[in-house]
Amino acid sequence: MFTTGQWIFAALFFVTFVIAAYYAYGKDKALHQKVYKGSYKILIAFLLFITILFVIKIVTKH
């Protein structure tokens, strides 16, 4: 399905992307801690909401 060259390119692209993202996040780490303080609560609420929707779907399906 994929050639060896395509796999090599994908692996190098992925490694480069991860390094670049880590570097970019590292530069802005102090700013993120200041601006996005408490944002994990929003993430937890969102995941809880999605879970509740799945539970309602499963319960009403039967």
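Here are the numbers for the structure shown:
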| quantity | calculated |
| --- | --- |
| Extension gain, LEU12 back to VAL55 (0.36 nm per residue minus Cα-Cα distance, nm) | 11.4 nm |
| Where segment 6-62 is the region considered: accessible area per residue in Å², 1.4 Å probe | 101 Å² |
| Coil-residue trypsin sites (Lys or Arg not before Pro) of the chain, DSSP, other Cβ within 10 Å capped at 13 | LYS37 |
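The values are calculated or read from the model by the stated rules, or taken from the named source; none is laboratory data. Because the structure is predicted, anything quoted here is derived from the model rather than measured. Here Cβ is always computed from backbone atoms with ideal geometry, including for glycine, and neighbour counts include all displayed protein chains. When the accessible area is computed, the model is the full protein with side chains, heavy atoms only, and any ligands, DNA or RNA have been set aside. Shrake-Rupley method; radii C 1.70, N 1.55, O 1.52, S 1.80 Å.
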